[in-house]
1. So, in segment 2-19, of the ones that are free of Cβ contacts under 8 Å to residues at least 24 places away in the same chain and closer than 14 Å to residue 50 by Cβ, which residue ends up surrounded by the most Cβ atoms within 10 Å (Cβ to Cβ)?
2. How about segment 24-62: which of its residues are over 13 Å from residue 4 (Cα atoms) and either touching a Phe, Trp or Tyr at 6+ places or on another chain (Cβ under 7 Å) or β-branched (Val, Ile, Thr) (or both)?
3. Do you know which residues across segment 26-39 are more than 17 Å from residue 54 (Cα to Cα) and surrounded by 13 or more Cβ atoms within 10 Å (Cβ to Cβ)?
4. Kindly provide the set of residues from segment 42-72 that are surrounded by 10 or more Cβ atoms within 10 Å (Cβ to Cβ) and modelled with pLDDT of 80 or more, ordered by number.
Amino acid sequence: MSEIKTAITKQGLSQRQVAKNMELSTTTVSNLLNGHSNNITLDTLWKLCKAADFDLEINLVRKYDDFNLESTVADLHRRIERIECMLFAAEDSGKNI
């Protein structure tokens, strides 16, 4: 929320103006922006982002079970090995990465 609060402040908007635009009380907006609210709806978050001129992006990430975790760790090891090979090749050729 601190990034949203900073962006709103940089735009010269008061919490009262933001609250009016969002059709919320000034107290509610103050609580949200100052981290005093544990419960925020997606709609309210979207409106705050809009007021701060941010896009709201939500990424869904699958929970890992033991099998998927092992697979993911193995994949990460392969990727690290490829990166190390690329770095060694670049060092051998004198390139800076």
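1. Looking at residues that are free of Cβ contacts under 8 Å to residues at least 24 places away in the same chain and closer than 14 Å to residue 50 by Cβ, I get 19.
2. Listed by number, the residues that qualify are 26, 27, 28, 40, 41, 58, 61.
3. Correct list: 26, 28, 30, 31, 37.
4. Quick first cut of segment 42-72, residues surrounded by 10 or more Cβ atoms within 10 Å (Cβ to Cβ) only: 44-54, 56, 64, 68-72.
Result: 44, 45, 46, 47, 48, 49, 50, 51, 52, 53, 54, 56.
To keep it simple, each residue is scored yes or no on (1) under 23 Å from the mean Cα position of the chain (by Cα); (2) outside any helix (DSSP H, G or I).
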position	(1), (2)
7	yes, no
20	no, no
37	yes, yes
43	yes, no
46	yes, no
50	yes, no
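The values are calculated or read from the model by the stated rules, or taken from the named source; none is laboratory data. Values in this document were obtained by computation on a predicted structure and should not be read as measured data. Cβ coordinates were reconstructed from backbone atoms using ideal geometry, including for glycine residues, and neighbour counts include every protein chain displayed.
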